[in-house]
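K.L.:
Got a structure for you, questions after.
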Amino acid sequence: MSAQIINGKEIAAQIKIELKQEIEKLKGSGITPGLATVLVGDDPASAAYVRMKGKMCEKLGIHNESIKLSSDISEEKLLSIINDLANDLKINGILVQLPLPEHISEQNIIKSIPLHKDVDGFHPHTWGKMMTGEDTFLPCTPAGIQEMLIRSGNNPEKKHVVIAGRSKIVGLPLANILIKKEPGANATVTVCHTGTQNMSQITKQADILIAAIGRPEVITADVVNENAVVIDVGVNRVEAPETERGYRLVGDVHFETVSQKVKAISPVPGGVGPMTIIMLMKNTVKAAKLTT
Ligand code: NAP
């Protein structure tokens with residue numbers, strides 16, 4: 001039996017229709033949501049992410065300013081650019097694409113974004129609000145994963161969710177979101193990482209397994225159970241000399257074999273990626289509404 005494919009692209013397209021209506025309503029009252037994206041350096045993957053975010057803004061009618069900076073920019077200069085964006089009334093959300101060059105402190109940059117424009121949800125005060133259950137911007141990838149589970153009919157409520165990976169952008173905030181005592185969450189969450197022993201014993205117990213480790217195709221069919229819903233967050237480049245660009249993108253899950261075994265699975269690409277982008281748009285609209 002082959003699995004239900006959780007199509008992030010399709011779910012994101014539904015959310016796009018809903019957002020478009022909200023944006024039109026906002027425009028009717030004189031507000032155009034605005035997002036500034038800041039890219040430092042010329043990492044091709046980061047540049048591609050920023051481009052996709054800009055394109056989605058265009059499709060939705062969100063004002064977008066894309067600021068590209070040289071990798072040798074000083075931290076001081078970057079802080080001053082963010083300060084300008086913080087004071088710019090056309091801009092509701094500020095996204096600084098990570099990672100930043102080593103000579104710049106990511107924490108200093110993240111902390112310089114005003115809370116009401118923190119659409120990536122990485123500011124420590126935004127985190128504090130998320131942890132204490134106050135209304136705030138949820139980080140886009142974890143929020144997108146929760147949304148795709150709910151909208152695909154795989155609500156995490158009362159399920160055992162196993163998350164592989166505890167990074168600050170995916171695993172850790174996702175665990176916090178899914179253990180909340182509220183609809184669409186209320187799950188029992190186990191988080192695995194490099195210090196976890198016998199990880200496969202734990203992953204096999206998952207009703208929902210979320211792989212966010214950044215290792216190509218390491219989640220294989222023998223470490224999942226047949227009733228599992230598998231969400232693959234990983235985006236890994238593997239060499240593929242036969243292709244024009246010389247590489248292909250794969251997830252952390254070995255899709256070909258795991259999809260033959262489990263109940264449901266999200267693909268890479270076309271799974272979590274589009275959800276992350278649409279949740280950024282959703283946060284930008286939420287930020288614009290704060291100005292009304
Ligand atoms: P990260 O910061 O490198 O964190 C990886 C996490 O996985 C760490 O907690 C690490 O454990 C754990 N880990 C690594 N190898 C492991 C193993 N063999 N067994 C168990 N745990 C292991 O990565 P990230 O930023 O969270 O990203 C993870 C993946 O998701 C990457 O492929 C990234 O490109 C992708 N991603 C995709 C999106 C999207 O929108 N589609 C968004 C964000 C990230 P330790 O903490 O012990 O080191």
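K.L.:
Lys and Arg at +1, Asp and Glu at -1: add these up for the other residues within a Cβ distance under 9 Å of ILE15 and post the number.
P.N.:
Once positives and negatives cancel, what remains is +1.
K.L.:
Please give the per residue accessible area of the chain, computed with a probe of 1.4 Å over protein heavy atoms only, in Å².
P.N.:
With all protein chains present, the chain gives 49 Å² per residue.
K.L.:
Could you derive backbone 3J(HN,Hα) for the stretch 105-120 from the dihedral phi with the Karplus parameters 6.51, -1.76 and 1.60 (θ = phi - 60°), listing whole Hz in sequence and x where the residue is Gly or Pro?
P.N.:
7, 4, 4, 4, 5, 4, 5, 7, 7, x, 4, 6, 10, 7, 6, 7
K.L.:
Between the stretch 90-142 and the stretch 220-276, what is the C-alpha centre distance in whole Å?
P.N.:
Measuring centre to centre over Cα atoms gives 28 Å.
K.L.:
Here is a further query. For the stretch 144-292, which whole percent of the accessible surface, found with a 1.4 angstrom probe, sits on carbon and sulfur atoms?
P.N.:
Roughly 50 percent of what the probe reaches on the stretch 144-292 is carbon or sulfur.
K.L.:
On to the next question. Can you pull out the GluC sites (Glu not before Pro) in the stretch 199-292 whose DSSP state is coil and whose Cβ has at most 11 other Cβ atoms within 10 Å?
P.N.:
GLU226, GLU242, GLU244
K.L.:
Amide H neighbours of VAL119 under 5 Å, at least 5 residues apart or on other chains, H built in the peptide plane: list them.
P.N.:
When sequence neighbours closer than 5 places are left aside, the close amide H contacts are ILE94.
K.L.:
Going by a ≥ b ≥ c, the root eigenvalues of the Cα gyration tensor, does the stretch 156-292 fall in the rounded group (a/c under 1.5), the prolate group (a/b larger than b/c) or the oblate group?
P.N.:
oblate
K.L.:
Out of VAL223, VAL50, VAL238, any idea which swings most in a Gaussian network model of the chain, alpha carbons joined below 10 Å?
P.N.:
Maximum among the listed residues: VAL238.
K.L.:
Treat each spin label as a single point 7 Å out from the Cα along the C-beta direction, and report the LYS111 to LYS204 distance in nm.
P.N.:
Modelled inter-label distance: 4.6 nm.
K.L.:
Still on this structure: Calculate one ³J(HN,Hα) per residue across the stretch 30-46 by plugging θ = phi - 60° into the Karplus curve 6.51 cos²θ - 1.76 cosθ + 1.60, and present them in order as whole Hz with x for glycine and proline.
P.N.:
Computed from phi, the couplings for the stretch 30-46 are x, 10, 10, x, x, 10, 9, 10, 10, 10, 10, x, 10, 4, x, 5, 4 Hz.
K.L.:
Here's something else I'd like to know. So who's got an amide H within less than 5 Å of the one on GLY184, skipping anything under 5 residues away but keeping other chains? H placed 1.01 Å off N, in plane.
P.N.:
GLU157
K.L.:
Long-range amide H contacts for ILE213: which residues qualify at under 5 Å (H placed 1.01 Å from N, peptide plane, sequence gap of 5 or more or a different chain)?
P.N.:
GLY234
K.L.:
With no solvent and one point per C-alpha, what does the Debye sum give as log10 I(q)/I(0) for the stretch 32-116 at q = 0.22 Å⁻¹?
P.N.:
-1.09
K.L.:
In units of 2.2 N^0.38 Å, what is the alpha-carbon radius of gyration of the chain?
P.N.:
1.01
The values are calculated or read from the model by the stated rules, or taken from the named source; none is laboratory data. All figures in this text were calculated on a predicted structure; none of them were measured in a lab. With ideal geometry, Cβ positions are generated from the backbone for all residues, glycine too; neighbour counts draw on all protein chains shown. Surface areas here come from the heavy atoms of the whole protein model, side chains and all, with no ligands, DNA or RNA. Shrake-Rupley method; radii C 1.70, N 1.55, O 1.52, S 1.80 Å.
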